[in-house]
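The values are calculated or read from the model by the stated rules, or taken from the named source; none is laboratory data. Just so we're clear, the structure is a prediction, and the values are computed from it rather than from any experiment. Cβ: placed from backbone, ideal geometry, glycine included. Neighbour counts: every protein chain shown.
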Amino acid sequence: MSVGAPRALLVDVDGVVQAARQVPSPNHDARPDGTVIRLIVVHGISLPPGCYGGDAIDALFTNRLDPAAHPYFQAIADLRVSAHFLVRRDGALVQFVRCAERAWHAGASCWDGCERCNDFSIGIELEGVDDEPYEDAQYETLASLIAALRTRYPIDDVVGHSDIAPGRKTDPGPAFDWSRVPDARRSVAERRAVPRVTRE
């Protein structure tokens, strides 16, 4: 286990992982009544793009990003977004929103015929960019977190942001190794295996 990665993870009844550093984000609301959490969405993020470390991601998700700190921040400082979790390059885990609540991570999205994926999903950001390999420590933490989430919720699938918002989003990108995430993208594989029906 890498230095920054938590050794064991447990999701409590409220959807809190106590082993994660807690940074509460105001960017969340209640899930619709009766919603079953059944999807995990993996994202990629770095601020500024390609730069790692620092507190810019925390600042964005808590509405404290200084638009004067970097030219790129001017276009995103007013966004109201969040994710449930962030996995840093060293495997350290941060939680911004309780899993029982709806984080604002997916945007316009659709999965398995259902729109508004924020309603029924958990968003996990990995610190990185589309075309640079993610770290071993990140895969370790991600696998532990997914296992803990599956223990608490009836998760059907683990997919990328690009899978639920194709054409609009590309993360976590081609550098992300899906083979290191057990039972991920099952529905993607099934859809690709179904022959396309053509009409005469």
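Remarks
- Any hit, segment 143-160, residues being under 24 Å from GLY50 (Cα atoms) and surrounded by fewer than 14 Cβ atoms within 10 Å (Cβ to Cβ): no
- Top-ranked residue of segment 73-92 - restricted to ones that are outside any loop (DSSP other than H, G, I, E, B) and in contact with a strand residue (DSSP E or B) (Cβ under 6 Å, 6 or more places away or on another chain), ranked as surrounded by the most Cβ atoms within 10 Å (Cβ to Cβ): VAL87
- Residues in segment 101-136 that are acidic (Asp, Glu) and either at pLDDT 95 or above or within 13 Å of the chain's Cα centre (by Cα) (or both): GLU101, GLU115, ASP119, GLU125, GLU127, ASP130, ASP131, GLU132, GLU135, ASP136.
- Residue within segment 13-32 that is part of a loop (DSSP other than H, G, I, E, B), β-branched (Val, Ile, Thr) and buried (at least 19 other Cβ atoms within 10 Å of the Cβ) present: no
- Exactly one residue out of ASN63, ASN118 is part of a loop (DSSP other than H, G, I, E, B) and not basic (Lys, Arg), and it is ASN63.
- Tally of residues being surrounded by fewer than 17 Cβ atoms within 10 Å (Cβ to Cβ) and either β-branched (Val, Ile, Thr) or not in a loop (DSSP other than H, G, I, E, B) (or both) across segment 33-54: 2
- Residues satisfying the stated conditions in segment 93-110, i.e. surrounded by 22 or more Cβ atoms within 10 Å (Cβ to Cβ) and either part of a strand (DSSP E or B) or without any contact (Cβ under 8 Å) to a residue 24 or more places away in the chain (or both): LEU93, GLN95, ARG102, ALA103
- Taking segment 103-117 as the range and being touching a helix residue (DSSP H, G or I) at 6+ places or on another chain (Cβ under 8 Å), farther than 16 Å from HIS43 by Cα and of a type outside the set (Asp, Glu) as the test, only CYS114 passes.
- Number of residues in segment 67-108 that are among the hydroxyl-bearing types (Ser, Thr, Tyr) and closer than 28 Å to VAL16 by Cβ: the value is 1.
- Every condition in (1) on the phi > 0 side of the Ramachandran plot; (2) touching a Lys or Arg at 6+ places or on another chain (Cβ under 6 Å) holds for GLY91 except the one numbered (2).
- Evaluation of ILE57 against the conditions (1) of a type in the set (A, V, I, L, M, F, W, C); (2) part of a loop (DSSP other than H, G, I, E, B); (3) modelled with pLDDT of 95 or more shows that the sole unmet condition is (2).
- Considered as a group, the residues in segment 161-176 that are part of a helix (DSSP H, G or I) and not hydrophobic (A, V, I, L, M, F, W, C) include one that is farthest from GLY50 (Cα to Cα), and that residue is ASP163.
- ALA148 meets the conditions (1) at pLDDT 95 or above; (2) not in a helix (DSSP H, G or I) in every case but one. The failed one is (2).
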